[in-house]
Amino acid sequence: MVTLEDSDAYAKTLRHPDSGDNGLWNLESLNPAWPVMTNQRVVEALPVRHVTHIF
């Protein structure tokens, strides 16, 4: 689970961007239909241990 600067929260996989910009991340969804959110500044990242419902 990641929280961005604008307080939006997502369940995504964090990946370092190719640009190497320190502090920015690419956020990948487990669903390949959703595009990668590139160069996002993450405020908080927490591990997800269990998912009880998928929308």
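Things to note:
- Contact map, segment 1-21: first residue of a type in the set (Asp, Glu), second residue part of a strand (DSSP E or B) and open to solvent by 90 Å² or more (accessible area, probe 1.4 Å), Cβ cut-off under 9 Å, separation 6 or more or different chains; pairs are GLU5/ARG41; GLU5/VAL43.
- Residue ID - nearest to ARG49 (Cα to Cα), chosen from residues in segment 10-37 that are modelled with pLDDT under 90 and loosely packed, with under 10 Cβ neighbours inside 10 Å: ASN31
The values are calculated or read from the model by the stated rules, or taken from the named source; none is laboratory data. Being a predicted model, the structure only gives us computed values, none of them experimental. So basically every Cβ, Gly included, is an ideal-geometry build from the backbone, and we count neighbours across all protein chains shown. Quick note on the areas: whole protein, heavy atoms, side chains included, nothing else; ligands and nucleic acids left out. Shrake-Rupley method; radii C 1.70, N 1.55, O 1.52, S 1.80 Å.
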